[in-house]
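The values are calculated or read from the model by the stated rules, or taken from the named source; none is laboratory data. Every value quoted in this text rests on a predicted model; they were computed, and no experiment measured them. Virtual Cβ from ideal backbone geometry, glycine too; neighbours counted across all protein chains shown. Accessible surface is based on the protein model in full, side chains and every heavy atom, while ligands, DNA and RNA are left aside. Shrake-Rupley method; radii C 1.70, N 1.55, O 1.52, S 1.80 Å.
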Amino acid sequence: MRNAYLVYAAKRIVQAVVVILLTYVFTFIVVSILPGDPVTNVLRNPQNGFSEEEIQAIIAAQGLDRPIPVQLWDALSGFVTGDLGLSMRSGRPVATMIAEVLPSTLILASMTLAFSLIIAGLIGYGSQALPRKYGQGIVRGIPSLFLSVPNFVIGLLLIHIFGFQFGLFRVIDPNSFWATFFASVTLATPISAQIAEVLVANLDNESRQEYAAVARARGLRQVRLFFLHLLKPSSLPVVTVIALMVGEVLGNALITETVFGRTGIGSLVQRSVSTQDLPVLQAIVSLAAVVFVVVNLIADLVYPLLDPRVKLVGAVRRPTTADEGSANIPSRVVTE
Amino acid sequence: MASQDKLTPPLTRIVTAPRRAGPLLRVEDLSVSYGPQEVVTGVGFELGRGESLALIGESGSGKSTIARSVLRLLPGNARATGRITFDGQEILALPERRFRPLRGRGIGFVPQDPGNALNPVRTIGAQAQEAAALLDEPDKAIRKELILETFAQVGLDNPGRAYESYPHQLSGGMLQRVLIGLAVLPRPALLVADEPTSALDVTIQKRILELLSRLQQDLDISLLLITHDLAVAAERTDALVVLKGGSVQEAGSTAAVFSAPSSAYARKLRADVPALNPDRYAALRDPGFARLADGKAKIAVSGVTKTFSVDGKVLKAVDDVSFAVPAGTTHALVGESGSGKTTTIRLLLGLDQPDHGDITVAGTPLAGRSQQALHAVWRHLQLVYQNPFTSLDPTWKVEHLVREPLDRFRIGTPKERGEQVREALASVGLGEQFLSRRPTALSGGQRQRVAIARALVLKPDVIVLDEPTSALDVSVQADIVEVLLSLQAKLGLTYVFVSHDLALVRQIAHTVSVMHRGRIVEHGTVGEIFDNPRQPYTRSLLKSIPSGIEGGTHRNPHAFPLKEQIA
C-alpha cells in the first residue's frame, strides 16, 4: 500500500511537471504569434521617448532578434532554472519583481481560503450537530444568504463597522493587517458558501447511510459521530471543490488588489498589461498554471489518503456484479 | 467451548447490574407513523431474558420500524406512541442523554446489509475501538486484545488482519461477523438483528445464523430477530410474531405458530417457503421433463474458459464449463458468490468473450461475432436482472421501459409496439393502469414483473434470469416464480436460471449445474441433484437451506465448523 502510493505520487508529480512545461511552451507560442509587436507598440511609441540605440540595446538584451524556436528554447531553459528573464520596461529580473509582490497576494489568498474552510466547517457542523430547536434551519440557510448578498455590500459593511465605527484599521491603508483580514473575510464569504453547500449535502447523505445509524446504536455521541464518521467521507467532494475554487480565490484576490491599490500580483499584472511587458506577463501566466497544477496535484494526492477505496491505477476489468463481489476476488487494485 | 473460556476475563470485569424481575423487553400498544401515514398499529410483545423472538413479515409490514423504535433510530419525521420497556426503563420516554448509555451496552444492533454498515473510509479496528470504549477499560492495548478475542470468537480466522483492514477488503460474510462481534463486545442484554443475512449467500447465511444462536446461548443474550423468512425464524427463535401491514397477525411459540398457523396470512407465509413445498409448482413444471429427452439443445456451452488477471495474479473465473439446455426447459446454475455464475452468463450473453470453448445459441455460434451479429442474437436472448430496484430507470414510465427494446430493434409500427407492450404487461399480470406509472410508484414485485415484461416484449426464445428473486421477499418471490413458470408453460420459453437459493431451484428447474470456483462440480436433473447428491460440496449447499424443520438444533450450537472458510 505504502509503496503503491509512492509510485502513484511520483507518477502524478512527473505528469504535473510535464503539464507545467507544456503550458509554458503554449503561452510562449501564443504570445509570439499574437498580432501587435511590443517593439513597435511600446518601444517605438514616440511618447515613451526611447532613442534608436536604446531600442536596439533592449532588443539585443531580450534576444528578440533571434528566431522564435531559439528564443523559446532559451526561455524554457531559463524557466526551468528559475530565470524568468528581464522586464522589457525596467530591465529588472522578472523573478525579483514577482518575488516582491507575491507574498502579499499569497497572504490574501491563503487567508481567504482559510476563512472559507473555517466558515464552511462551522456551517457543516451546525447543520448536523445543532438541535433543530436551536436554529439548525438558520445555519442551513446561511450559504444561500452568503451567495445572494453581493460581495461589495459585505465589504462596505465591514469597512463601515470595523473601519469607521471601531477604528480597527485605516481605510486608506490597504496593506495593514486588519485591512487584509477583512478583505479576506469579504472574499471568503461567497466561497465559503459554495464549499458549505457541497459539504452539507454530503454530510446529509452520509448521515443517512446505514453505518451512521449503526455507529449511533453503538452509543456514539453526535460530536464524535460528526468528527469520526461523517467528516472524512463528506470531505472527499469538498477537496475537489476547493481545488476548483483556488482559481476563483486568486482571481478575486487580483481584482481586490487592483481596486484597492494593494501591492500584489494584481497590480503587477495591471502594470505589465498596460505596458505590454511580455516577459512579466509570460511569467505570471506560467505562475498561474503552476498554482493550478500544484493545487490539483495536492487534491489528487490527498484523495487516496482520505478514501482507501480509491484505486491507484486504471481500473482492471474484473468479474464483479452485485452477486459476485468480494468473496474470493481481491477487491482492491492498488499495485502498479 | 474453548472460545467461551477465553471470554471469561472480560465477562468478570463487566459486572452487570442485578437482574430485575419481568421480561427484558416489553412492547405495548406501539404505533409509529411517518407524517399522516401509520406504519405500525398497536403492536405488543414480550421478550424474556436469554430468549429469542422473531418479527416476521414482508416489506412494509413494519417489522424494521419496530426494531428501529426499540433502538431509537427512527428518522426525524417518525412519531412513536405506546410503551417500550427495556429492563424496567421506558425507552420512548427517556431523553437521549439518558438513553445513550443503553446504546451498545444494553441493546446491541446487527444491521441488514453488512456492506453499508461500516464506515468505508475508516479501518475496522478504529470502529471496533468505539464499541470497545463501552467496556470501561482504560488501556487501549487491552481493549485491542478484547476486540481480537471477540473477532476470533465470531469466527474470523485472522483477527489481526481484520482489525487492520478497511471494510471493502472483507467479504460480506466476514463483515457480518465483524458487525456481530462489535455488537456483542460490550455484552448487551438484548441483540436486535435486522435481517442479518438477507444480503448474504445461503451457505454464509446458515453460518451467520448459527453464530448468532451460539452467541445468544453462550453469552445469555436475548435476541430480537427481524426476518421475512419464516423458515429462518422457525429454526432460530423461541417465539414468533407475524406482522402484516403494521399489525400483529399471529403470535406465539415457534412450535405452535410454525406447525399449526391459525391465521390465513401465516399459512400463506408458510406455503411460500420454497424448502417446505418442493412440489408446489410441479403441475406447471413437470411437463417440461418430457422435453429434456426429445428437445434439441437451445443453448450449448462447451469447454468454456475465462480468466481475469487481478493484481498480476491470474484468476480462472470460469474453468472448462460445459452444459446444454434443451428447448422449453429450465437450467439452473447454482453456487456461492464467486463461483463463476455471473461470468458464465456474461459469456452466454456475449458481453465477454471466452478464452477457449464455444457457445451456441439456437444453433448459432456466438464466437467471433460482430456487434451487429450479436444484436441479432440478443433478440432471442434476453436478460432479467437481479435487482429490480436498480435495473429500471426511475425517470421512465412503465410503457417507455417495456417499449424500449422494440424501439431499439425497430420492430413494428408505433401502434403495433403499443399493442405488444400491453400484451407483454398483461402476460405478467399487470393491467393498463400501470402504463403511465414510474418505477418509484411500484412495489418490488411489480417492478420485477415490469422487468420480465421488458424481456418478453421481444418474444425471445431464451431468458437468462440472474437471481431474479433474491432482492424480493419470500411471498413476492413465490408470485414472480408463478409468473415465470406459467409463461414457460404457455410460450415454451427456455430459461437459464442463476441462483444461490437451492430451495427455489428445486421448485422450478429441470436440470441443475452446481458451480464451485469456476468449475461445474456436479450436473444432473433436479431429482438427481437433490435426492442423490454425489459431491460433498453439493451436500453442504443442500444442508444450508433453511427449512424451519431442524426444530431445536439451534439448541446444540457447537456442532458446526467455527471458522469462515476463505477461498
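Structural remarks
- Chains B and A together bury roughly 3800 Å² of accessible surface, counting both sides and using a 1.4 Å probe on protein heavy atoms.
- Volume in Å³ per residue [convex hull over Cα atoms, computed for region A:208-280]: 130 Å³
- Considering only alpha-carbon pairs that sit under 8 angstrom and 6 or more positions apart, the relative contact order computed for chain A is 25 percent.
- When peptides B:320-331, A:299-310 are ranked by their average number of other Cβ atoms within 10 Å per residue, the highest-first order is B:320-331, A:299-310.
- Shielding score for B:380-387, defined as the mean number of other chain Cβ atoms within 10 Å: 1
- Counting only DSSP H runs of at least 4 residues, each contributing -39500 (n - 2.57), and dividing by the residue count of chain B, the helix-based mean residue ellipticity at 222 nm comes to -10500 deg cm²/dmol.
- Globularity index of region A:102-274, i.e. its alpha-carbon radius of gyration over 2.2 N^0.38 Å: 1.20
- Modelled this way, with points 7 Å down the Cα-to-C-beta line, the labels at A:Arg208 and B:Glu404 are 2.3 nm from one another.
- Result for chain A in a Gaussian network model with C-alpha springs under 10 Å: among A:Ser267, A:Ser235, A:Ser32, the largest mean-square fluctuation is at A:Ser32.
- This model, with +1 at the C-beta of Lys and Arg and -1 at the C-beta of Asp and Glu, gives the protein assembly as shown a dipole about its Cα centre of some 1220 debye.
- Residue-level accessible surface for A:Met111, protein heavy atoms, 1.4 Å, Å²: 40 Å²
- Accessible surface of chain A [probe 1.4 Å, protein heavy atoms]: carbon and sulfur percent: 68 percent
- Shape summary of region B:70-134, radius of gyration then Dmax from alpha carbon positions: 14.0, 39 Å.
- Förster-model FRET efficiency, 45 Å R0, B:Tyr34 and B:Ala260, C-beta, rounded to 0.05: 0.80
- Karplus-derived HN-Hα couplings along region A:188-205 (A = 6.51, B = -1.76, C = 1.60, θ = phi - 60°), whole Hz, x at Gly and Pro: 6, 3, x, 5, 4, 5, 5, 5, 5, 4, 5, 5, 5, 4, 6, 5, 4, 5
- Of all DSSP beta bridges in region B:2-272, antiparallel share, percent nearest 5: 55 percent
- Every helix of 4 or more DSSP H residues in chain A counts as -39500 (n - 2.57), and over all residues that averages to -22500 deg cm²/dmol at 222 nm.
- Hull volume in cubic angstrom per residue (convex hull over the Cα atoms of chain A): 197 Å³
- When the charge dipole of the protein assembly as shown is built from unit charges on Cβ atoms (+1 for Lys and Arg, -1 for Asp and Glu) and taken about the Cα centre, the candidate among A:Ser87, B:Leu219, A:Leu231 whose Cα reaches farthest toward its positive end is B:Leu219.
- Relative contact order [Cα under 8 Å, 6+ residues apart], chain B, whole percent: 16 percent
- Charged side chains reduced to their Cβ positions (Lys and Arg at +1, Asp and Glu at -1) give region B:215-278 a dipole of some 360 debye around its Cα centre.
- Dipole of chain B, positive end: most advanced residue of B:Leu349, B:Ser544, B:Ala282 [Cβ charges, Cα centre]: B:Leu349
- Accessible area per residue for region B:2-272 is 36 Å², calculated with a 1.4 Å probe on protein heavy atoms, without ligands, DNA or RNA.
- Each Cα pair under 8 Å and six or more residues apart adds its separation to the average, and for region B:2-272 the resulting relative contact order is 26 percent.
- Full extension of the chain between A:Val259 and A:Val294 gives 9.8 nm of extra length, using 0.36 nm per residue less the Cα-Cα distance.
- Percentage, to the nearest whole number, of Cα pairs in the protein assembly as shown over 39 Å apart: 56 percent
- Efficiency of FRET from Cβ geometry, B:Lys268 and B:Glu416, R₀ 51 Å, rounded to 0.05: 0.80
- Whichever aspartates and glutamates have a C-alpha closer than 20 Å to that of A:Lys133, once near sequence neighbours (fewer than 8 apart) are set aside: A:Asp204, B:Glu96
- Out of every Cα-Cα pair that region B:218-343 contains, those further apart than 20 angstrom amount to 66 percent.
- If you plug the beta carbon distance of A:Val7 and A:Val80 into 1/(1 + (r/R0)^6) with R0 = 22 Å, you get a FRET efficiency near 0.35.
- Three semi-axes describe the equivalent ellipsoid of region B:2-272; taken as square roots of 5 times the Cα gyration tensor eigenvalues and ordered largest first, they are 30, 21, 18 Å.
- Within chain B, percent of DSSP bridges classed antiparallel, to nearest 5: 55 percent
- Each DSSP beta bridge with both residues in the protein assembly as shown is either parallel or antiparallel, and the antiparallel ones are about 55%.
- Peptides B:527-533, B:24-30 ordered by average Cβ neighbours within 10 Å, highest first: B:24-30, B:527-533
- Simple spin-label estimate for B:Asn277 and A:Leu236 gives 4.4 nm between the two label positions (7 Å along the Cα-to-Cβ direction from each Cα).
- Positive-end residue, the protein assembly as shown charge dipole about Cα centroid, Cβ charges, pick of B:Gln371, B:Leu182, B:Pro95: B:Pro95
- Calculated Rg and Dmax of region B:192-253 using C-alpha coordinates, Å: 12.0, 35
- Taking the average, over residues, of other Cβ atoms within 10 Å as the packing measure, peptides B:470-481, B:88-99 rank B:470-481, B:88-99 from highest down.
- Counting only alpha carbon atoms, the long axis of helix B:202-219 and the longest principal axis of chain B meet at about 10°.
- Cα centre as origin, Lys/Arg/Asp/Glu Cβ charges: chain A dipole, Debye: 1660 debye
- Compared with the rule-of-thumb size 2.2 N^0.38 Å for a compact globular protein, chain B has a Cα radius of gyration ratio of 1.03.
- Label-point separation, B:Leu94 to B:Ser309 (7 Å along Cα→Cβ), nm: 5.8 nm
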